[in-house]
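Let me begin by presenting the structure, written as structure tokens, before commenting on it.
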Amino acid sequence: MKVAVTGAAGFIGSHLVPELLFSGNDVTAVVESGTEPKCGGVRLVVADVTTGEGLSESFPGINAVVHLAARNHVLKETEKDPLSAYRRVNVEGTRSVIRAAARSGVRWFIHFSSVKVIGEGGDAVFDENSSCRPSTPYGISKLESEEVVRNETNGTGMSSIILRLPMVYGPGNKGNLPRMIQWAERGYPFPIFHPENLRSMIYVGNVVAGIMAILQRAPQENNTYILKDREDHSTRRVYSAICDALGKIPRYLPVPSPVVRLGGLLSEDFRKITGSFRVSSAKFVRDVNFTPPFSLEEGMSRTVRWYKRSVQ
């Protein structure tokens, strides 16, 4: 199959492209200026999804587009108008990509969204039928990007699959997880203020396996799915898996949440991963006949090995 990947040099793309090549696919890597995939053997196209420049050269002869290019959650926001910045890439950029793909006769369009379209979590287990009430600029832009995909594929003959992901972890991740690994490596006790919390996450290898399963199935319908690890994970279990991979004994510091909030001991983003946000991927497992191949412990072990190499 001939597959184009936008954002091919990014976190998920850098794991997906080698697997596509290994499986015998013809891969076009669509990247922004100044970046390129770390592996060879691909056709490289430089394009700007926000302006559409270069997209007309990206998709002729392509069977499937995996659209990863996005402005993802920013830990330290510098934009005066974050929502406009997110919309420029995630909404209008998606519109440019999908229109270029439709003009080139692409059959399958896989679009990456986020469970942030649902909101910020709670006590329920959310699925694809849950009401969407995004509360962040990122979540709002991702929900709007989903509507773009549904509207733009209507009547084109192109099948679209929207994948909503929870927090993705793995080698190359630059979010909160490396900070947790650093914390564990230094032997610090990890603050726990929701001891029984459960949070849905997904190892990047399971994301790649899910994409490969979709491409092998070659769906003829449009659908929206949530994709996650086999199980949900507590902060205690995540930190324990990190410590095990480091050869450290995990230590925890129970802290009442009011004390944490008053003292500012953790950043807002750091606090969020210690709360609960559970989603169900039962629909994807059923429809695609898919079981995520990697456990939390396997994923964390690989992530810690990457982290140790990256800080040497």
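Where a number appears in this text, it was derived from the coordinates with a stated rule and is not lab data. Everything numeric here is computed off the predicted structure, so don't read it as measured data. Quick reminder, even Gly has a Cβ in these numbers, built from the backbone with ideal geometry, and neighbours come from all protein chains shown.
A few comments on the model shown:
- Helix 137-153 vs. the chain, principal-axis angle (Cα, 0 to 90°, nearest 10): 30 degrees
- The angle between the Cα long axis of helix 92-103 and the longest principal axis of the Cα atoms of the chain comes to about 40 degrees, rounded to the nearest 10.
- Restricting segment 124-205 to trypsin sites (Lys or Arg not before Pro) that sit in a DSSP loop and have at most 11 other Cβ atoms within 10 Å of their own Cβ leaves Lys174, Arg186.
- If you run the Gaussian network model on the chain, springs between alpha carbon atoms under 10 Å, then out of Asn129, Asn197, Asn206 the most flexible one is Asn129.
- Residue (of Phe22, Thr94, Pro178) at the positive-pole extreme of the chain, dipole from beta-carbon charges: Pro178
- Gyration tensor over the Cα atoms of segment 106-265: the corresponding equivalent ellipsoid has semi-axes (square roots of 5 times the eigenvalues, largest first) of 35, 19, 12 Å.
- Taking each residue as 0.36 nm, the span from Asp123 to Cys39 lengthens on full extension beyond its C-alpha to C-alpha distance by 26.0 nm.
- Principal-axis tilt of helix 235-246 within the chain, Cα atoms, nearest 10 degrees: 90 degrees
- Rounded Å value of the spacing that divides the Cα centres of segment 140-196 and segment 1-71: 20 Å
- Fluctuation leader among Ile211, Ile98, Ile249 - the chain, Gaussian network, Cα springs under 10 angstrom: Ile249
- Among the GluC sites (Glu not before Pro) within segment 109-148, not one is in coil by DSSP while having at most 10 neighbouring Cβ atoms inside 10 Å.
- Calculated mean residue ellipticity at 222 nm for the chain: -11000 deg cm²/dmol, from DSSP H runs with n ≥ 4 weighted as -39500 (n - 2.57), summed, divided by the residue count and rounded to 500.
- For the chain, the relative contact order is 17 percent, taking Cα pairs closer than 8 Å that sit 6 or more residues apart in sequence and dividing their mean separation by the residue count.
- At most 16 other Cβ within 10 Å, DSSP loop - GluC sites (Glu not before Pro), segment 1-88: Glu53, Glu77, Glu79
- Once the chain from Ser135 to Arg309 is taken as fully extended at 0.36 nm per residue, the excess over their C-alpha distance is 59.0 nm.
- Of the residues Pro178, Pro82, Pro37, the one that moves most in a GNM of the chain with alpha-carbon contacts below 10 Å is Pro82.
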